[in-house]
Amino acid sequence: MSPDELTAAGLQYAVEGAVATITLNRPDVRNAQHPAMWAGLVRILEGLGEEVRVVVVRGAGGTFSAGLDLGLLDPGRAGEAGSLVTTARKADAEIIDEIGTYQLPFAMLADPRFVSVAVVEQHAIGAGFQLALSCDLRIAAEDARFCMKEPALGLVPDLAGTKPLVEAVGYARALEICATARMVPAAEALSLGLVQQVVPAGELDQATVTLTDALTANFAGAVRATKALLQEAPRRTLDEQRLAERTAQVGRFRELVELMG
Ligand code: CAA
């Protein structure tokens, strides 16, 4: 994407070695998300080179994301792309398709080609929480707060966040978090397994580098194949999973023998 296209999408993008960093870049509105941003995320994720092994997602201006741009709920801005007011007038199938398009980048963060890491400061609300949940790992500053605000606005969380939330904290806690739309502070998020690490805000950048270094330190093929195995494990029986492990190891054996010459 060109710099102008990135700006229009409210995004920044940089690749350093094996680490791609995508920054939501609308700090004036707390990195609120809109359809152009989601389309931009799709283009970035589609265009990632083979060298990329870790995708870091973060927000500009010291916060992660305040979720959906609330302007999209404003009847006075019904002409804007993604306006919920305009979308609501369409046929059911069209609405479902449209949301499917919006969900794409969230689903793409599960791609086994890379490990995705959300770096969360201050607010991860609604679509922001769902974006963080769509990443494989979450590292948070002590000031981070997670909130599934949608039910408080008359909506359901529809950006691929409900499944990873249930997988992370279990059905009952997920329901409690969503139905109450309460803020989950970083310390609780850590104890629930919603985030893997919490650090003081001033140490977040260094902690991110330490994590991405560790994630890229081992064999790329082994990490990719392991991610794919772990992702599918909950859906498989033990026998199916054992078969998947054996099958994945074939490729690993071949690569190792080739490396040994
Ligand atoms: N959309 C558009 N603008 C937003 C925004 C959002 N989601 N969140 C914040 N802003 C804007 C504010 O309107 C304000 O703009 P002005 O300077 O022009 O007044 C600016 O960002 C700064 O906001 P605050 O002064 O409120 O900043 P704060 O640091 O005191 O509070 C906050 C931050 C707690 C995130 C608060 O802004 C807030 O509660 N925002 C709304 C959060 C929200 O309800 N998001 C929608 C979630 S639901 C969802 O995402 C739907 C879905 O997935 C289906």
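The values are calculated or read from the model by the stated rules, or taken from the named source; none is laboratory data. The structure displayed is predicted, hence computed values, not measured ones. Reconstructed Cβ throughout: ideal geometry from the backbone, glycine too, with neighbour counts over all protein chains shown. Side chains are part of the model used for accessible areas, which takes the heavy atoms of the whole protein and leaves out ligands, DNA and RNA. Shrake-Rupley method; radii C 1.70, N 1.55, O 1.52, S 1.80 Å.
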Completion exercise
Plugging the Cβ-Cβ distance of ARG43 and ASP92 into 1/(1 + (r/R0)^6) at R0 = 22 Å yields, to the nearest 0.05, a FRET efficiency of 0.20
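Can you tell me which of 12-23, 110-121, 248-259 comes out highest on packing, and rank the rest after it, using the mean Cβ neighbours within 10 Å?
Result, highest mean Cβ count within 10 Å first: 110-121, 12-23, 248-259.
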Fill in the blank from the handout: Using alpha carbon positions and the Kirkwood radius, the Rg to Rh ratio of segment 179-261 is 1.13
Fill in the blank from the handout: If one builds a Gaussian network model of the chain from Cα atoms under 10 Å apart, the most fluctuating residue listed among GLY59, GLY154, GLY76 is GLY154
Practice task
Mind listing the long-range amide H neighbours of GLY59? Cut-off is under 5 Å, sequence gap 5 or more, other chains count too, H placed in the peptide plane at 1.01 Å from N.
Solution key: LEU24, GLU121
Practice task
Taking amide H positions as placed in the peptide plane 1.01 Å from N, state which residues far from VAL199 in sequence (5 or more) or on other chains have amide H under 5 Å from it.
Solution key: ALA140, ALA141, GLU142
Fill in the blank from the handout: Carbon plus sulfur, as percent of the 1.4 Å-probe accessible area of the chain, comes to 58
Handout entry: Those aspartates and glutamates that a straight Cα-Cα span of less than 20 Å connects to LYS90, excepting residues fewer than 8 apart in one chain
Key = ASP74, GLU80, GLU98, ASP158
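Taking every DSSP beta bridge that has both residues in segment 3-215, what percent is antiparallel when rounded to the nearest 5?
For segment 3-215, the DSSP antiparallel bridge percentage is about 30.
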Completion exercise
1/(1 + (r/R0)^6) with r = Cβ-Cβ of ASP213 and LEU238, R0 = 45 Å, i.e. FRET efficiency to nearest 0.05, evaluates to 0.85
Practice task
Any lysines with Cα under 25 Å of the LYS163 Cα? List them, leaving off those in the same chain fewer than 8 positions away.
Solution key: LYS149, LYS227
Completion exercise
In Å², rounded to a whole number, the accessible area per residue of segment 220-260 with probe 1.4 Å is 76
Handout entry: the chain: translational diffusion in µm²/s, Stokes-Einstein, Kirkwood Rh over Cα pairs, 25 °C, 0.890 mPa s
Key = 127
Fill in the blank from the handout: To the nearest Å², the heavy-atom accessible area per residue of segment 3-215 with 1.4 Å probe amounts to 44
Handout entry: Charge dipole (debye, nearest 20) of segment 3-215; +1 at Cβ of Lys and Arg, -1 at Cβ of Asp and Glu
Key = 420
Practice task
First measure r as the distance between the Cβ atoms of THR247 and ALA222, then evaluate 1/(1 + (r/R0)^6) with R0 = 22 Å and state the FRET efficiency to the nearest 0.05.
Solution key: 0.95
Completion exercise
In a Gaussian network model of the chain with springs linking alpha carbons closer than 10 Å, the residue among ALA78, ALA189, ALA201 that fluctuates most is ALA78
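Is segment 220-260 best put as rounded, prolate or oblate by its Cα gyration tensor, with a ≥ b ≥ c the root eigenvalues, rounded for a/c under 1.5, and otherwise prolate when a/b is larger than b/c, oblate when not?
Working: a/c = 5.45, a/b = 1.94, b/c = 2.81.
It comes out oblate by the Cα gyration axes.
Just by accessible area at a 1.4 angstrom probe, what is the order of LYS227, LYS149 from largest to smallest? Display every interim value, and only then the final one.
On the way: LYS227 20, LYS149 85 Å².
Heavy-atom accessible area, descending, gives LYS149, LYS227.
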Fill in the blank from the handout: The alpha-carbon center of segment 179-214 and that of segment 36-88 are separated, in whole Å, by 22
Practice task
Sorted from largest down, give the three principal axis spans of the alpha carbons of segment 17-100, whole angstrom values.
Solution key: 46, 30, 14
Exercise for the section: Show me 46-58, 163-175 ranked by packing, highest mean number of other Cβ atoms within 10 Å first. Expected result: 46-58, 163-175
Completion exercise
Asserting the computed 222 nm helical MRE of the chain (DSSP H runs at least 4 long, -39500 (n - 2.57) per run, divided by residue count, to nearest 500) equals -14000 deg cm²/dmol
Practice task
Provide the solvent-accessible area of MET1, counting protein heavy atoms only and rolling a 1.4 Å probe, rounded to the nearest 10 Å².
Solution key: 80
Practice task
For segment 73-169, state the semi-axes of the equivalent ellipsoid (square roots of 5 times the eigenvalues of the alpha-carbon gyration tensor), sorted largest first and rounded to whole angstrom.
Solution key: 26, 17, 12
